[in-house]
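Worksheet for the structure shown next.
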Amino acid sequence: MINSKDVDFYKDQGYLLVKGVFNSQEVDDMRTGIENIIQRAAKAKMDHNATWDGDYLPKEKLKKLVLKGFHNVHYHDSVFLNALSHPNMRAVLKQIIGPNVQLHHSKMLVKPPENGAAFPMHQDYPYFPHENHTMLAASVHLDDSNEENGCLRVVPESHKEGALPHVGRHYLDQKDYPISIGTPCPAEAGDVLFFNYLTIHGSNVNQSTRNRRNLLFQYREASDFPTSKEHFDWGMGLMVNGENPHFDKVTPSYQIV
Ligand SMILES: O=C(O)CCC(=O)C(=O)O
């Protein structure tokens, strides 16, 4: 799927777009999986707007934005377990993380047409800090995405700056880091954008008449341990590739309530 130049690009720039990781049938199956989750959530009266709160947009504008966001999608439909451990995904992950790869968590992010929520620029690090910074996001595109429908934006090489102070752990001060500083990463359905959890990223409002549906899988190297216990998601530590060298740490040491 990728070559050593791509690996060097990822290490140097903090992100990498890989084309055609999923074929159109696989993309269609994931779209169906997402639609079914949305319907089941509504039926269970557990639908909610996952738009990020904050002062990154005027209150009036923020109120109108919608994000269908649910975590742990691989607990809702096996299509997502197949996707997160797809041979093409594993081929890339092995090269940019190493042979032993674990899932950290999975989620879906659906920005509906016209008012699909923005993401202010941020690093993912403050949510789930780890010792060796191998953690990365793989953003799976289920729609063609461009600036009009709020494609992802990254700040190349920003992972080299290390952990930056966030407003309430949430996002970077938008005076210094407005969404416009990010390099837009247009992509087609089936493409995956990989980016390190220290890479500054975000995205604009979906102003188009089309959906922008993405899945986001977070992965880490199996010997990269969390430095905080604040974040727990189901499936954390699942071996996606290789082996777990730590017999005494195969499941997270969290209390399940
Ligand atoms: O999909 C996007 O536009 C950004 C998602 C994101 O940054 C996040 O969920 O942390």
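Would you mind finding the one in His122, His105 that is in contact with an Asp or Glu (Cβ under 7 Å, 6 or more places away or on another chain), closer than 30 Å to Pro252 by Cα and within 12 Å of the ligand (Cβ to nearest atom)?
On the way: His122 fails: in contact with an Asp or Glu (Cβ under 7 Å, 6 or more places away or on another chain).
Selected residue: His105, the only one of His122, His105 that is in contact with an Asp or Glu (Cβ under 7 Å, 6 or more places away or on another chain), closer than 30 Å to Pro252 by Cα and within 12 Å of the ligand (Cβ to nearest atom).
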Only residues that are closer than 22 Å to Gly33 by Cβ, modelled with pLDDT of 95 or more and under 15 Å from the mean Cα position of the chain (by Cα): list them for the range 211-248, please. Arg212, Arg213, Asn214, Leu215, Leu216, Phe217, Gln218, Tyr219
Taking Pro184 as meeting all but one of (1) touching a Cys at 6+ places or on another chain (Cβ under 8 Å); (2) buried (at least 21 other Cβ atoms within 10 Å of the Cβ), write down the number of the exception. (2)
Residue, nearest to the ligand (Cβ to nearest atom), within the range 126-139, restricted to residues that are touching a strand residue (DSSP E or B) at 6+ places or on another chain (Cβ under 9 Å) and more than 22 Å from Val18 (Cα to Cα): Phe128
Read through the list (1) hydrophobic (A, V, I, L, M, F, W, C); (2) modelled with pLDDT under 95; (3) within 30 Å of Ile2 (Cα to Cα), then give the number of the only condition that Leu62 fails. (3)
Condition set buried (at least 22 other Cβ atoms within 10 Å of the Cβ) and of a type in the set (A, V, I, L, M, F, W, C), scope the range 206-236, selection farthest from the ligand (Cβ to nearest atom): answer is Ala222
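Give me the helices (runs of 4 or more DSSP H) completely within the range 24-87, filtered to those with at least 3 residues that are within 20 Å of the chain's Cα centre (by Cα) and buried (at least 18 other Cβ atoms within 10 Å of the Cβ), ordered by residue number. I'd like the intermediate steps shown before the answer.
Working: elements: 24-43, 59-64, 78-84.
Because the criterion is at least 3 residues that are within 20 Å of the chain's Cα centre (by Cα) and buried (at least 18 other Cβ atoms within 10 Å of the Cβ), the helices (runs of 4 or more DSSP H) in the range 24-87 that meet it are 24-43, 78-84.
Take the residues in the range 141-167 that are on the phi > 0 side of the Ramachandran plot and either of a type in the set (Ser, Thr, Tyr) or touching a residue at least 40 places away in the same chain (Cβ under 8 Å) (or both), then tell me which one is nearest to the ligand (Cβ to nearest atom). If you could, list the steps in order and put the result at the bottom.
Initial filter on the range 141-167 (on the phi > 0 side of the Ramachandran plot): 150, 157, 162.
Among the residues that remain, those that are also either of a type in the set (Ser, Thr, Tyr) or touching a residue at least 40 places away in the same chain (Cβ under 8 Å) (or both) are: 150, 157.
Working: Gly150: 6, Glu157: 18 Å.
Checking each candidate, the answer is Gly150.
The values are calculated or read from the model by the stated rules, or taken from the named source; none is laboratory data. The shown structure was predicted, so the numbers you read here are calculated from the model rather than taken from an experiment. Cβ sites come from the backbone with ideal geometry, for glycine too, and all protein chains shown count toward neighbours.
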